[in-house]
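Step one of this worksheet: look at the structure below.
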Amino acid sequence: MAKARTQFICQNCGTVHARWVGKCEGCNQWNTIVEEDPMGGIGGGPGRTPKKGRPVALTTLSGEIEDAPRIMTGISELDRATGGGFVRGSAVLIGGDPGIGKSTVLMQAAAALSRQGHRIIYVSGEEAVAQVRLRAQRLGAADTEVLLAAETNVEDILATLGEGKRPDLAIIDSIQTLWSDTADSAPGTVTQVRTGVQAMIRFAKQTGAAIVLVGHVTKEGQIAGPRVVEHMVDAVLYFEGDRGHHYRILRTVKNRFGPTDEIGVFEMSDKGLREVTNPSELFLGERNSKSPGAAVFAGMEGTRPVLVEVQALVAPTSLGTPRRAVVGWDSARLSMILAVLEAHCGVRLGQHDVYLNIAGGYRITEPAADLAVASALVSSLAGLALPSDCVYFGEVSLSGAIRPVAHTAQRLKEAEKLGFSQAVLPAASADLPKGNGMSWAEMESLPDLVARIAG
Ligand code: TYD
Ligand code: MG
C-alpha cells in the first residue's frame with residue numbers, strides 16, 4: 001500500500017500545497033497553511049463493494065419532474081433570498097462574520113417552520129442547549145416545538161438526526177465545530193469541515209431533509225472558512241452588514257434551485273431580525289438632499305430595485321499624492337471614472353482628495369452606478385447641489401460614452417414610488433415606460449452630464 005501522504009492545505013481558500021509555505025499562492029494570505037491528511041474521512045474505505053448504477057435517458061424523465069419541493073418559512077426576506085424557501089434534500093450554507101445574526105435568523109426561521117407543523121432540529125455546536133433556549137425566549141420562539149441538540153461530533157449528530165421521525169429541516173450551527181471520527185485532522189481544519197459537511201449533505205440526499213449549515217467567515221484563516229465548502233452545497237447565502245448599522249443583508253451568491261443576486265434585507269432589533277420589505281426607504285432615510293456631492297442611484301438587486309445615495313467629497317489636497325478613499329464601491333472603478341472625467345471632460349482632479357461613500361453602509365456592485373458616482377463627484381467639485389428629486393443610473397465607458405443598462409422601467413417605477421420626479425439616464429435606453437409620472441434626460445456622454453450639472 002502506498003505510504004500515507006499528508007498535504008498542506010490553505011484554511012482560507014483550500015489551495016493544496018506540496019510543502020509548507022508562509023503565504024498561500026491561491027489567496028495570498030499569510031500563515032493559513034495547515035498540514036492535513038487528505039484521505040482522512042474521504043472515500044468509502046477498504047471493503048466497500050462497488051455498486052452498479054443505472055443511467056436513465058433524459059427524455060424518459062419528461063413529465064415526471066415537478067418543481068423542487070420547498071418549505072417556506074413565511075419570513076418573506078429569507079424566502080426571497082433562498083429563491084422561494086428551503087429545498088428538501090438540499091444543503092444551504094449561510095456564511096457571515098461572527099455576531100452578524102446567523103443563529104438569530106435561523107432560530108426565527110426554525111420557530112416559524114415549527115409553527116407550521118414542520119419537524120425542525122437545531123444542532124448547536126457553539127452554545128449549550130440552555131443558551132440556545134435563552135435566545136429563543138428573547139425571540140419569542142420558546143413556545144415552539146423546535147428540537148435542540150448540542151453536539152459537535154458528526155457521527156453523534158447523524159445518530160441524533162436519524163432518531164425517530166426524520167426532520168423536515170436540520171440546522172447545523174456551525175460547520176467549524178464539526179469533527180468526525182474518520183478524519184485525522186484537528187477540528188476546524190479544511191479536512192474536518194469538508195468531511196462533516198459531506199456527511200450532512202449525504203444525510204440530506206438520503207432522507208430528503210433540508211439542511212442549513214452555518215459557517216463563520218474567518219479573518220485569520222486558522223480555522224477553515226465557509227469558502228472551502230461552497231462548491232459542495234446547493235446554495236450559498238452570505239449575511240452582510242456593518243456593526244455600526246442595524247440592518248443586515250442576506251445575499252445569495254450561489255443557488256442550484258433559484259436565482260442568485262437576490263437579497264433579503266433585515267433590521268436587527270431587540271426582538272431579533274425584522275424584515276425590511278422596502279429597502280430603499282431604509283437607505284434613503286437619513287438623506288440631507290441640499291448638500292453638494294450627493295446623488296441618488298436607482299439600482300437593482302436581483303429582481304428588486306433599490307435606491308441608495310452616493311456621496312462624494314472632492315477637496316483640494318495638502319498631500320503630494322492626493323487621497324482616494326472609497327467605502328461601499330469598487331476603488332478601481334472610481335479610478336476609472338476619475339480618469340474618464342479628466343481625459344474627456346476636462347475635469348482636473350490631480351490636486352484634489354476624493355472620498356466616495358455609499359450611504360448606510362450599503363455596497364454597490366453594479367456598473368450602472370457609474371453615472372450616479374460621476375454626478376456626485378462633479379456636484380461636489382462644483383459646489384452645486386443636485387436636484388433632490390432626481391435619480392441617476394447608467395454605465396460609463398472608457399471613451400466617455402454612457403451605455404444603457406437593464407431594467408430601466410423598474411428603476412423608474414421605484415423612483416416614482418418614492419417621490420422622485422426626474423431621472424438622468426443613458427440615451428437609447430430600452431423599455432422606457434410610457435405614461436409614467438417621471439421626466440427624464442437622456443445622456444449620450446459624460447461631457448453632456450458635466451455640462452448639465454456644472455452649467
Ligand atoms: P448571532 O445570531 O448570535 O450571531 P452569529 O450566529 O452570526 O454569530 O447574533 C448575535 C448578535 O445579535 C449579538 O451582537 C446580539 C444581537 N442580537 C440582537 O440585537 N437582538 C436579538 O434579539 C438577538 C437574539 C441578538
Ligand atoms: Mg451563532
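A few points about this structure:
- DSSP bridge pairs, segment 385-450: antiparallel proportion in percent, nearest 5: 25 percent
- Residues of type lysines that Lys219 reaches as a straight line, Cα spacing below 18 Å, ignoring anything fewer than 8 places off in the same chain: Lys23, Lys102
- Only the Cβ atoms of Lys and Arg (+1) and of Asp and Glu (-1) were treated as charged; on that basis the dipole of segment 251-323 about its Cα centre amounts to roughly 200 debye.
- Mean Cα-pair separation over length for segment 288-368, i.e. relative contact order, pairs under 8 Å, 6 or more apart, %: 36 percent
- Put the Cα centre of segment 141-186 next to the Cα centre of segment 290-335 and the gap is 45 Å.
- Each of Ser174, Ile211, Pro226 was scored by the projection of its Cα onto the charge dipole of segment 166-242, and the greatest displacement toward the positive side belongs to Ile211; charges sit on the C-beta of Lys, Arg, Asp and Glu.
- Under the convention that each Lys and Arg Cβ holds +1 and each Asp and Glu Cβ holds -1, the size of the dipole of segment 282-454 around its Cα centre is about 200 debye.
- The slack in the chain from Ser269 to Lys434, taken as 0.36 nm per residue of separation less the alpha-carbon distance, amounts to 55.3 nm.
- Shape analysis of the chain yields a ratio of the Cα radius of gyration to the Kirkwood radius, Rg/Rh, of 1.04.
- Here, P(r) means the percent of Cα pairs in each 5 Å bin from 0 to the largest distance; for segment 157-208 it is 4, 21, 30, 23, 15, 6, 1.
- Of all DSSP beta bridges confined to the chain, the antiparallel ones make up roughly 50%.
- When only Cα pairs below 8 angstrom with a gap of at least 6 residues are kept, the chain shows a relative contact order of 13 percent.
- The GluC sites (Glu not before Pro) of segment 350-455 that meet both conditions, a loop assignment by DSSP and at most 16 other Cβ atoms within 10 Å of the site Cβ, are Glu444.
- With contributions of -39500 (n - 2.57) from each DSSP H run of at least four residues, the per-residue ellipticity at 222 nm computed over the chain stands at -7000 deg cm²/dmol.
- Unpaired cysteine residues in the chain (no second Cys Cβ under 4.7 Å): Cys345, Cys390.
- Exposure proxy ranking, count of Cβ atoms within 10 Å, fewest first, for Asp270, Asp234, Asp173: Asp270, Asp234, Asp173
- Our coupling estimate for segment 172-177, obtained by passing each phi through the Karplus curve with A = 6.51, B = -1.76, C = 1.60 and θ = phi - 60°, is 10, 10, 10, 5, 6, 8 Hz, Gly and Pro reported as x.
- For segment 282-454, the relative contact order works out to 26 percent when only alpha carbon pairs closer than 8 Å and six or more residues apart are counted.
- Cα-Cα separations in segment 141-252 greater than 26 Å, expressed as whole percent: 23 percent
- Straight-line cross-link partners of Lys205 among the aspartates and glutamates, defined as a Cα under 20 Å from its Cα and at least 8 positions apart when in the same chain: Glu64, Glu66, Asp67, Glu155, Asp156, Glu163, Asp168, Asp173, Glu230, Asp234.
- Tilt relative to the chain, helix 408-417 - C-alpha long axis, 0 to 90 degrees, to 10: 80 degrees
- Taking every Cα-Cα distance in segment 231-293 and sorting them into 5 Å bins starting at zero, the pair-distance distribution P(r) comes out as 4, 15, 20, 20, 15, 13, 8, 3, 2, 1 percent.
- Qualifying aspartates and glutamates (Cα of each under 17 Å from Cα of Lys434; at least 8 residues distant if same chain): Glu414, Glu416, Glu442
- Evaluated over segment 282-454, the Cα radius of gyration and Dmax, each in Å: 14.9, 52
Each value in this text was obtained by applying a stated rule to the coordinates, not by laboratory testing. In this text, all values refer to a predicted model and were calculated from it rather than measured experimentally. Every residue, glycine among them, receives a Cβ derived from its backbone with ideal geometry; neighbour counts consider all protein chains shown.
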